[in-house]
Amino acid sequence: MFASIKSSCYVFSFASLLAAAVFAETPLLDLADAAKRSGETVSFAAEVKGVAHSAKSDATYLNFGDAYPRQVLSVLISKENQGILSKLPRLYGRTVRITGLVETTSRGPVIRITNASQIQLAEGPGEDVLTSDGDGVEFSTRFEEAVATLFAADDFAALESLATRLREKKERFLDGRWKLAFYFEGLAPHRNYTIQEWSDYGGRVGAWKQAFPESIIPAMLAAKVKIEKAWAARGTGYADTVTPAGGKEYDRLIEEARILLEAVREHRDASPQWFAEMQGIALAQGWSRKKMDELFEAAVAKEPEYHRFYTGRAFSLLPRWYGEPGEWETFAAGLVDRFPGGLGDELYARIVWRLASYYKPLFKESAVSWPLLKNGFEELRRRYPESLWTLNEYASLAVKADDRETARRLFKEINGRFQMSVWTTWDNVANAKNWVDRNP
């Protein structure tokens, strides 16, 4: 039922192998029982209900049973062991098996993770997720993992069929995001791969190309390999932190990625994601404003509702990239008039949703318009009424905008169904509810 991540991600020392053997022999308990076994080494399997990062200690907590502070048990990954997390997919909403010593702390029972052997992921989520509807981060993560499972099984025929279906039917999640974009997320390589993992990934891409020589997807994945390796060589810091050697390797690999994408340009109609990947190349190479705009307009002409064209262009207009303060906000606002009938409102909301994490507090540090954003989320609610994730995000933004009346209305509609992918902890929910319930 459970698959260890270590077999593909780590070269074990003898100590690691010994630990894995010990953990494998530990009986599996239910979560409530495991939480009571202070001072004992236990194993349990449960869904990750919350993921929180402590800025003070630079540690990560996985919460089980509920989000903090209602959790039954927490798992602590300290600063020096964060590398273990870098090899894992997003864990929120995933069922995992945890093995370790239960400690009693001020925040309740805690297990410390010091070895990758202590975390095991539930095996593939099954293909049903590829044909069913779902909403939010948890579901799209499971969708990505189902795609990755097909790739690991070399089931290229199923992947080709799935891509065709997603493109032709323009399938969306219940929150309106395009499934095709997350199909490619599921296939994407990880820049922290080992040499062997890079070799295995490249071999699969080559086998896919051999099996389907007319497909655009293997070329896009080969380009993605170059891009991820380029960023690994450069590092993710500002330009003054990049070494000459790292910068040179970055430039070389990004250009090779561009050439790979250009080689399949004539097949780009087979996937709007081709344009999104090329936008990434334009950003990495620092194309002129004119060339970036030409690429954006060509993309929109092919598929005007593919959200990633717009969020990608807005991202490039952040001051940390090639824009001036307020420029991406002006770009987003301009879409409201350019696409009447609701699409422009939706795009404004999606762009702000995507870029909001770069501003704290959002409405003081950016030029985001709450009236426009509110209209955008009202449109999202009209178009995708079943999305609880969107409802939670809308409520969170209403609190940040000091719009108590709107927040109060949305909290009533949420009716206790708070999603921790938005709020992170129950403390945040409690603080927001206290503010909402306070008289203005």
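Since every read-out is calculated from the coordinates, none of them should be taken as a lab result. In this text, all values refer to a predicted model and were calculated from it rather than measured experimentally. Counting neighbours? That spans all protein chains shown, and the Cβs are built from the backbone with ideal geometry, glycine included.
What full-extension length gain, to one decimal in nm, is calculated for Asn431 and Ala245 as 0.36 nm per residue of separation minus the Cα-Cα distance? Display every interim value, and only then the final one.
Numbers: separation 186, 0.36 × 186 = 66.96 nm, distance 4.85 nm.
Taking Asn431 through Ala245 to full extension adds about 62.1 nm, to one decimal.
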Review point. Which entries in Lys229/Lys400; Lys79/Lys412; Lys56/Lys179; Lys49/Lys224; Lys87/Lys412; Lys226/Lys302 show an alpha-carbon gap greater than 29 Å?
Key: Lys229/Lys400; Lys79/Lys412; Lys56/Lys179; Lys49/Lys224; Lys87/Lys412
Study note, to complete from the structure: Sparse-neighbourhood loop hits (trypsin sites (Lys or Arg not before Pro), segment 364-422; DSSP loop; Cβ within 10 Å at most 13 others) -> Arg417
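Mind sorting Lys169, Lys226 by how few other Cβ atoms lie within 10 Å of their own Cβ, fewest first?
Values: Lys169 10, Lys226 21.
By the 10 Å Cβ count, ascending, the order reads Lys169, Lys226.
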Revision key, fill the gap. The simple spin-label model distance between Asp200 and Lys302, using points 7 Å out along Cα→Cβ, in nm, is 3.2
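Is the shape of the chain rounded, prolate or oblate, going by the alpha carbon gyration tensor and its root eigenvalues a ≥ b ≥ c, with a/c under 1.5 for rounded and a/b larger than b/c for prolate?
Numbers: a/c = 1.65, a/b = 1.12, b/c = 1.47.
Oblate, since a/c reaches 1.5 and b/c is not below a/b.
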Exercise for review: Could you tell me which chymotrypsin sites (Phe, Trp or Tyr not before Pro) in segment 184-264 are loop residues by DSSP with no more than 16 other beta carbons within 10 angstrom of their beta carbon?
Suggested key: Tyr238
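Given axes a ≥ b ≥ c from the Cα gyration tensor, I'd like to know whether segment 356-440 is rounded (a/c under 1.5), prolate (a/b larger than b/c) or oblate. Walk me through the numbers before you get to the answer.
Details: a/c = 1.33, a/b = 1.06, b/c = 1.26.
Note, shape of segment 356-440 comes out rounded.
What's the FRET efficiency of Asp58 with Lys364 using the Cβ-Cβ distance as r and R₀ = 22 Å, to the nearest 0.05?
Numbers: r = 26 Å, r/R0 = 1.18.
So, using R0 = 22 Å, E works out to roughly 0.25.
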Exercise for review: Take every DSSP beta bridge with both residues inside the chain and express the antiparallel ones as a percent of the total, to the nearest 5.
Suggested key: 85
Review point. What residues from segment 361-376 fall in the zone where the backbone N is under 14 Å from a label point 7 Å along the Cα-to-C-beta line of Lys412?
Key: none
